[in-house]
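Note sheet for the following structure.
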Amino acid sequence: MLLEKITGPADIKKFSMDELKTLAAECRSALIHYLSKHGGHCGPNFGFVEATIALHYVFDSPKDKFVYDVAHQSYTHKMLTGRQKAYLCEENFGEVSGFTNPEESEHDFFNIGHTSTAVSLASGLAKARDFKGEKDNIVAILGDGSLSGGEAMEAIDWIGEQTTNFILVLNDNQMSIEENHGGVYKNLAALRESNGTCQNNFFKAMGLDYIYVADGNDLEQLVAAFKKVKDIDHPICVHLNTLKGKGFKPAEENKEAWHWHSPFDPATGELLYKGNGTENYGTITNQYLMKKMKEDPKVCAITAAVAANMGFFKPQRDEAGEQFLDVGIAEEHAVALASGLAKNGGKPVFSTHSSFIQRTYDQISQDLCINKNPATIMITTASIFGMNDITHLGLFDIPMMSNIPNLVYLAPTNVEEYLSMMEWSIEQNEYPVAIRQPCNGVHHAQGQVQTDWSDLNKFEIVQKGSKIAIVALGDFFQNGELAARLIEEKTGVKPTLINPRYITGLDTELLEALKMNHNLVITMEDGVAEGGFGQKIAAFYGTSDMKVMVRGFKKEFIDRYDAKEMLKENHLLPEQIAEDATAL
């Protein structure tokens, strides 16, 4: 097996074209083996095998530097740079991340997990190279909808006027996570249809030279194209027409479902773990919004290329029609678009992941909240139970968003609160509202849930007690209930249990009243503690005798963690809360 013998990219430079083709087949087989057992990004990697081999065959990594946009298509790159055991041997599966990682290899230059960043990062490498008088090639690799992101557009605009070596490899597989959106993709289609010769050419308009590779999965065409541009003295785009999911029929036929996929049967593509059909917030959200949109043509759902997180798969998107807006990978535009819609009488609901909303701080603050436009933002995977790659952490949104004036950030604890808050947010016209979708499973309310949330920052006392008060935010409320029960069992003292519901403000009247018969307040939040919800309560009690035990996560970047271990490490398990409260 050729793949097993490779110690680094230099080894494949000795291969014949037939051996390179054999290597491509082996890499694809290794990908299927790994992904079928481990899960991960399937389509992006299946479609970029040949291009990766050709890049390493022609260029001289790590002297020549490859920067992968998102880096979720870098699995073959890792195999060719000495990390193939992580894909061939089950006992080594956990040794590499799903993205490039400089801690793993000198062939990786950045931890990257968000899209549209490669050209900016690579242009910095190029400028530093020029400052030092060096001569290596800088190669930025874009794909899967990255051109729809504003940062990619800004960077291409800037690099277009530089007079230095810069190679932009565009992996054009006609897909983002779902279908592509944006006018630039019409130009890519025209370029494909004309074999790269049509008069309108986005890249030339931006100042780049341009060549087209009609079959971006053909090694001979790829090697010839990369040899042509190696050591070039100006910026150029190498446009590859590739097939997402190539070599695995289910991934070729259903590109959206196979962008990222759970473990599967490699013979049939069937899921190995199909779940038990229980409720999930994606389906719940979609059913609510579909009904709402049918009742009111002013309601619309907005996504930035992650439609599945609000349950809008292809059939739902088709049914929603113009009331479903996919802006491509452009979260900043999505927030400003929502603000404009709300200003003119629309009722927009924008949904994205917690780690992606970080890109929109300026738009939330400037375009939305200064103008007090009543748009709804739904934050998903904002939790220790969300995505666990270092680039996709969902633990930083509370400090970021709770300190923006005019924003109402809500933390439901169950389905009924969630739907009630969404209904209120869509129909009210006073506030920009964000809702932090629970991520600890689906829980239902035990009784009636209020429908009007306009009396801001009023916490709910769920259980009256004394001495100890537990303020358990959002999806940590259920753990707060367990902690209260354990404290009562250990001490005989029934704690007061509070569901705060509002992240962006304090119920100062309630907190003041707790001073009468409580001496300890425990806060619990599913996010970093520093600058978060609990620290605001601690600050409120700063000049009093009240003790405050703030429980959240340490401020740090963590990678591929175990959620239960993180809860334990940060003393957030209900039994630990009870033990610490008893000790105090």
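Values as computed for the structure displayed
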{"item": "Every residue from segment 171-197 that is of a type in the set (D, E) and either part of a strand (DSSP E or B) or in contact with a Pro (Cβ under 9 Å, 6 or more places away or on another chain) (or both)", "result": "D172, E179"}
{"item": "Qualifying residue in segment 350-358 (condition: surrounded by fewer than 19 Cβ atoms within 10 Å (Cβ to Cβ) and either touching a Leu at 6+ places or on another chain (Cβ under 9 Å) or not acidic (D, E) (or both))", "result": "yes"}
{"item": "Checking E104 against (1) farther than 22 Å from Q174 by Cβ; (2) part of a helix (DSSP H, G or I), the condition it does not meet", "result": "(2)"}
{"item": "Top-ranked residue of segment 265-324 - restricted to ones that are within 22 Å of C42 (Cβ to Cβ) and charged (D, E, K, R), ranked as modelled with the lowest pLDDT", "result": "K274"}
{"item": "G345 vs. criteria over 18 Å from the mean Cα position of the chain (by Cα) and over 29 Å from M175 (Cα atoms)", "result": "yes"}
{"item": "Helices (runs of 4 or more DSSP H) enclosed by segment 506-584 - at least 2 residues per element that are more than 25 Å from the chain's Cα centre (by Cα), in the same structural domain as R485 (by TED's automatic domain parsing) and of a type in the set (A, V, I, L, M, F, W, C)", "result": "508-514, 533-540, 574-583"}
{"item": "Residues satisfying the stated conditions in segment 60-103, i.e. basic (K, R) and under 22 Å from the mean Cα position of the chain (by Cα)", "result": "K78"}
{"item": "Test set (1) surrounded by fewer than 24 Cβ atoms within 10 Å (Cβ to Cβ); (2) modelled with pLDDT under 95 - Q73 fails condition number", "result": "(1)"}
{"item": "Number of the exception - Q448 against (1) at pLDDT below 95; (2) among the polar types (S, T, N, Q); (3) surrounded by 20 or more Cβ atoms within 10 Å (Cβ to Cβ)", "result": "(3)"}
{"item": "Failed item, numbered, when K494 is tested on (1) within 34 Å of the chain's Cα centre (by Cα); (2) in a loop (DSSP other than H, G, I, E, B); (3) not β-branched (V, I, T)", "result": "(1)"}
{"item": "Only listed residue being charged (D, E, K, R) and modelled with pLDDT under 95, chosen from D157, D144", "result": "D144"}
{"item": "Index of the failed condition, T283 passing every other in (1) more than 20 Å from N373 (Cβ to Cβ); (2) surrounded by 19 or more Cβ atoms within 10 Å (Cβ to Cβ); (3) in contact with a Gly (Cβ under 7 Å, 6 or more places away or on another chain)", "result": "(2)"}
{"item": "S420 of a type in the set (S, T, N, Q), in contact with a helix residue (DSSP H, G or I) (Cβ under 8 Å, 6 or more places away or on another chain) and at pLDDT 95 or above", "result": "no"}
{"item": "Helices (runs of 4 or more DSSP H) wholly inside segment 335-443 that include at least 1 residues being within 23 Å of T523 (Cα to Cα), touching a residue at least 60 places away in the same chain (Cβ under 8 Å) and of a type in the set (A, V, I, L, M, F, W, C)", "result": "397-401, 415-427"}
{"item": "R560 being modelled with pLDDT under 95 and of a type in the set (K, R)", "result": "yes"}
{"item": "Lone qualifier among L168, L208 - being in contact (Cβ under 8 Å) with a residue 40 or more places away in the chain, touching a Pro at 6+ places or on another chain (Cβ under 8 Å) and under 20 Å from F48 (Cα atoms)", "result": "L168"}
{"item": "Residue that is out of contact with any Cys (no Cβ under 6 Å at 6 or more places or on another chain) and either of a type in the set (G, A, S) or touching a residue at least 40 places away in the same chain (Cβ under 8 Å) (or both), where the choices are N201, N173", "result": "N173"}
{"item": "Segment 142-183, subset touching a Leu at 6+ places or on another chain (Cβ under 9 Å) and β-branched (V, I, T), residue nearest to D64 (Cα to Cα)", "result": "V169"}
{"item": "Residue in segment 45-63 that is crowded, with 24+ Cβ neighbours inside 10 Å, in contact with a Leu (Cβ under 6 Å, 6 or more places away or on another chain), of a type in the set (S, T, N, Q) and within 19 Å of P263 (Cα to Cα) present", "result": "yes"}
{"item": "Among the residues listed as P432, P438, the single one being in contact with a Cys (Cβ under 8 Å, 6 or more places away or on another chain) and either more than 17 Å from M378 (Cα to Cα) or buried (at least 18 other Cβ atoms within 10 Å of the Cβ) (or both)", "result": "P432"}
{"item": "Residue match in segment 218-239 (condition: exposed (fewer than 15 other Cβ atoms within 10 Å of the Cβ) and within 32 Å of the chain's Cα centre (by Cα))", "result": "no"}
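Condition check ((1) closer than 20 Å to N570 by Cβ; (2) in contact with a strand residue (DSSP E or B) (Cβ under 6 Å, 6 or more places away or on another chain)) across all residues:
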{"position": "W453", "(1), (2)": "no, no"}
{"position": "G465", "(1), (2)": "no, yes"}
{"position": "A472", "(1), (2)": "yes, yes"}
{"position": "D475", "(1), (2)": "yes, yes"}
{"position": "A529", "(1), (2)": "yes, yes"}
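The values are calculated or read from the model by the stated rules, or taken from the named source; none is laboratory data. For clarity, every value in this text was computed on a predicted model and none was experimentally measured. Every residue, glycine among them, receives a Cβ derived from its backbone with ideal geometry; neighbour counts consider all protein chains shown.
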